[in-house]
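The structure under discussion appears below in the form of structure tokens.
What follows is calculated from the coordinates using simple rules that are stated; it is not laboratory data. What you see is a predicted model; the values in this text were computed from it and never measured. All Cβ positions, even for glycine, are placed from backbone atoms using ideal geometry, and neighbour counts span all protein chains on display.
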Amino acid sequence: MKMIFTTGQVAKICKVAPRTVSKWFDSGRLRGYRIPGSQDRRIPRDHLIRFLKEHGMPLGELEDEAVGKILIVGADTVIRGSLRDTMSADSFKLDYASSGFEAGIQAESLHPDCVVIDFVMGRNEAVLIAQNLRKNSEYQDVVLIGLLSDDDNASGFDRSVFSETFRKPFDTALLAERIRTLVNRKKQLA
């Protein structure tokens with residue numbers, strides 16, 4: 001993962017001439033720094049992503065890192081719809097799975113930053129999905145959120161496999177904000 005870009009690399013990503021990138025830089029629209037004793041410019045990744053989003057430009061190869069990917073497993077249509085409406089479409093991509101098997105397939109293709117598992121599918125299956133994700137080295141740092149029903153009490157399963165748990169009924173806006181916070185924190189550390 002490249003952290004610093006030259007004007008030529010930014011030009012390829014934006015599909016413009018390097019001179020155009022230099023103009024953006026010199027006018028202050030695209031932030032970065034100059035190499036001391038040189039006219040060469042360098043643009044940090046986060047400044048480039050912010051610039052592209054502010055100007056409505058496609059993120060291209062940077063999209064994978066700029067967009068938070070969330071996999072929602074087993075949740076009913078009300079929760080799915082509320083999360084879809086609450087999470088901004090330009091910052092998060094939501095995908096859905098109805099079973100543990102489907103969740104495994106979706107996780108392989110999506111590589112989610114966060115997996116929300118609804119215990120409505122059954123406590124054993126929900127915990128098994130979470131444990132299987134944690135066992136796989138590719139998903140050890142994924143944010144796992146469990147949505148507990150009234151029947152699921154603290155005893156009987158290991159909560160440490162989850163990053164967070166929410167007990168139903170809960171405010172979907174609060175869940176969305178917590179997902180946003182945890183995913184953004186994870187992306188800054190990566």
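For segment 67-183, the relative contact order comes to 27 percent (Cα pairs under 8 Å, sequence separation of at least 6).
Per-residue ellipticity at 222 nm from helix content only, as computed over the chain with -39500 (n - 2.57) for each DSSP H run of at least four residues, stands at -13000 deg cm²/dmol. Centroid-to-centroid, using Cα positions, segment 1-43 and segment 72-104 are 37 Å apart.
When the Gaussian network model of the chain links Cα atoms closer than 10 Å, the mean-square fluctuations of MET87, MET57, MET121 top out at MET57. Counted over segment 21-113, the DSSP beta bridges are approximately 25% antiparallel. Give me the lysines in straight-line cross-link reach of LYS69: C-alpha distance below 26 Å, same-chain residues under 8 apart excluded. Counting by Cα, and skipping residues close in sequence, LYS69 has these lysines nearby: LYS2, LYS12, LYS15, LYS53, LYS93, LYS135, LYS168, LYS186, LYS187.
Expressed to the nearest 5 percent, the antiparallel share of DSSP beta bridges inside the chain is 20 percent. The GNM of the chain, with springs linking C-alpha atoms under 10 angstrom apart, assigns the highest mean-square fluctuation among VAL16, VAL67, VAL116 to VAL16.
Taking a ≥ b ≥ c as the square roots of the eigenvalues of the Cα gyration tensor, an a/c ratio of 1.5 or more together with a/b larger than b/c marks segment 20-73 as prolate. Both radii are taken from the alpha-carbon atoms of the chain; with Rh as the Kirkwood radius, Rg/Rh is 1.09. For the pair ASN136 and ARG159, label points projected 7 Å from Cα toward Cβ lie 2.6 nm apart. For the chain, the longest principal axis of the C-alpha atoms and the axis of helix 100-110 are separated by about 0°. Of the peptides 28-34, 136-142, the order by per-residue mean of other Cβ atoms within 10 Å, starting with the highest, comes out as 28-34, 136-142.
Placing a pseudo-label 7 Å from each Cα along the Cα-to-Cβ vector at SER98 and LYS186 gives an inter-label distance of 2.5 nm.
The C-alpha atoms of the chain define a longest principal axis, and helix 172-189 lies at about 50 degrees to it.
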